[in-house]
1. When only alpha-carbon atoms count, how far does the chain stretch along each of its three principal axes, as whole angstroms with the largest first?
2. Calculated from DSSP H runs of 4 or more alone, at -39500 (n - 2.57) each and per residue, what is the 222 nm mean residue ellipticity of the chain, nearest 500?
3. If you average the sequence gap of Cα pairs under 8 Å that are 6 or more apart and divide by the length of the chain, what percent do you get for the contact order?
4. In degrees, nearest 10, range 0 to 90: what is the angle between the Cα axis of helix 91-101 and the longest Cα principal axis of the chain?
5. Over region 25-141, give the accessible area per residue in Å² for a 1.4 Å probe, as an integer.
6. Would you mind checking the tilt of helix 124-145 against the longest principal axis of the Cα atoms of the chain, expressed as 0 to 90 degrees and rounded to 10?
7. Seen from all sides and averaged, what is the projected area of the convex hull of the Cα atoms in region 95-149, in nm²?
8. Determine the share of the chain's accessible area contributed by carbon and sulfur atoms, expressed in whole percent, with a 1.4 angstrom probe.
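The values are calculated or read from the model by the stated rules, or taken from the named source; none is laboratory data. Computed from a prediction, not measured in an experiment: that's the story for all the values here. Each accessible area value is taken on the protein alone, full model and side chains, heavy atoms only, with ligands, DNA and RNA left out. Shrake-Rupley method; radii C 1.70, N 1.55, O 1.52, S 1.80 Å.
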Amino acid sequence: MNEIHTKVTDRDAMIAGMAPVLQPGLFVFCTMLHNSISREALAQAHGMFVEDEGLSLILPRTEALRLGFKAEAIMRQITLMVYSALEGVGLTAAVSAALAEKGIPANMVAATMHDHIFVPARFADQAFDTLRALQKEARERLASAAPAS
């Protein structure tokens, strides 16, 4: 596969370019064992991970309820649109620290192209604003560090 994006590894560059996007919809984290609804649940999943206790899925809330899962912790998804390299250091830590400072729980999911943060729905707007402020601070740091022309 040809890479069409440049991977970013510098911490401040990753933060400055992260461009958070609050995705539409509500999500829940569910755990299941392989059973009759496995295939249908996997087809609806936005993320999954195999754990010792079963298959952990991130499902749209409506699909989770339709499939009979409990939808206790209702989450929103914020996607960081920077193409951060998997070997990049500091983006997850900076994002987690900024949200923790505001008392916002965050579940980080790193994928090949982008990082995604799942926050309780009631904190979504505050989390989004916090990440935009973090991005602005990083842009200002980069601008002040750039050589004058």
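1. Computed over the chain, the largest-to-smallest principal extents equal 64, 38, 26 Å.
2. -10500 deg cm²/dmol
3. Dividing the mean separation by the residue count of the chain yields 31 percent.
4. Rounded to the nearest ten degrees, it is 80.
5. 56
6. With both axes taken from Cα atoms, the answer is about 30 degrees.
7. Values: hull surface 19.8 nm².
That works out to 5.0 nm², a quarter of the Cα hull's surface.
8. Percent of accessible area from carbon and sulfur atoms in the chain: 54.
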